[in-house]
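**Q** Here it is, the structure in full.
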Amino acid sequence: MNKPDKENLFTIAQAANACSVSRSTLLRMEEEGLLTPALHEEGKYRYYSTDNVTQALQIYAMHRMGLTHKEIHPLVDDPGDIDAVIGQLEHLRDNLNDILTHLKKRTMKDSTTVTEMLRLPETLCYVRTYELEGGRYDFRQYIRDTLTDAIRAGCRLDWERVPFMRVQRPDLAEGMVERGVYRYRICVPITGHPKHCENIETVRSRQVLSVTWHGEVTDLAQRTLTLATDARAMNLKPTGWFHVILERSVAETGTGNARSNVLQLGCIVE
């Protein structure tokens, strides 16, 4: 197997900075068998991938929740096996309620949807904007690329919030599907950044009508159109901006455990 290209990896100092932790914390995660660097040169340096950084953030978040090493280990081995810890999370402090709700949504079945009114919090983000024709795209790759850019820029990632996408689709807000070029903005939540860092923006708090479901992204445009219609039926005015979170999970399907998506789509309303 070919070794990873070091030019596409991060030093331990860069990875620790992105996670707002010390080098010793990353080394301790490795010692505990929770994190394996993408490249460890014998007797020399460790190098970390973007996936390593996001995994370290998740591990650190679970430590902050109060989970022990023994409780975290199976979640790292099988990210979809979260039922065992939900009961414990229910007894943690009140400010863990949002995290608990998020974890419960990851156990959704294919036929389940959750619709609710939400207030998105104001969020400091590293942002990249793409002008793309309407269609299907590998948005997960755009998110990965933006995460990589944020880490290279020296940003500190916000372990409490996941990256998201905002797309401006006035056609869908008006109940139509029109071909054209639209703005897709990938937003990576951060807690801090170096001075004069570019692409930093505060995404202000907005009210959204949100639907969360477990499945594929092939019908995202139709779901968006339906959500905008539902908003108008509730006397809410869609602004034309939609907030999308795509999260990979392990969920039971008809053929057993398989990789799938949990998606949250928010219609920003006034």
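Every number in this text was worked out from the coordinates using simple rules, so none of it is lab data. Just so it is clear, the structure is predicted and the values come from calculations on it, not from any experiment. Methodologically, a virtual Cβ is constructed for each residue, glycine included, from the backbone with ideal geometry; neighbour enumeration extends over all protein chains shown.
**Q** Percent of Cα-Cα pairs more than 18 Å apart in the range 118-269, please.
**A** Tail fraction, whole percent: 60.
**Q** How much length is gained if the chain between residue 221 and residue 132 is pulled fully straight, taking 0.36 nm per residue apart and subtracting their Cα-Cα distance, in nm to one decimal?
**A** Numbers: separation 89, 0.36 × 89 = 32.04 nm, distance 1.43 nm.
Working it through step by step, the gained length comes to 30.6 nm.
**Q** Just to be sure I understand the model, the point goes 7 Å from the Cα along the line to the Cβ. What's the resulting residue 141 to residue 42 distance in nm?
**A** 3.6
**Q** Moving to a separate point now. I'd like the distance separating the alpha-carbon centroids of the range 25-40 and the range 154-215, in whole Å.
**A** So the separation of the two Cα centres works out to 31 Å.
**Q** Under the Karplus relation 6.51 cos²θ - 1.76 cosθ + 1.60, θ = phi - 60°, what is the ordered set of whole-Hz ³J(HN,Hα) values for the range 177-194, x standing for Gly and Pro?
**A** Here the 3J(HN,Hα) series is 10, 10, 6, x, 9, 10, 8, 10, 10, 8, 10, 10, x, 9, 9, x, 7, x Hz.
**Q** Under 5 Å between amide H atoms, partner at least 5 residues away or on a different chain: which partners does residue 36 have, H built in plane at 1.01 Å?
**A** none
**Q** On a full-extension model of 0.36 nm per residue, what is the gain between residue 61 and residue 119, subtracting their alpha-carbon distance, rounded to one decimal in nm?
**A** Contour length minus Cα-Cα distance gives 18.6 nm.
**Q** I need the P(r) histogram for the range 1-65: all alpha carbon pairs, bin width 10 Å from 0 out to the longest distance, whole percents.
**A** Values per bin, smallest distances first: 22, 58, 18, 2.
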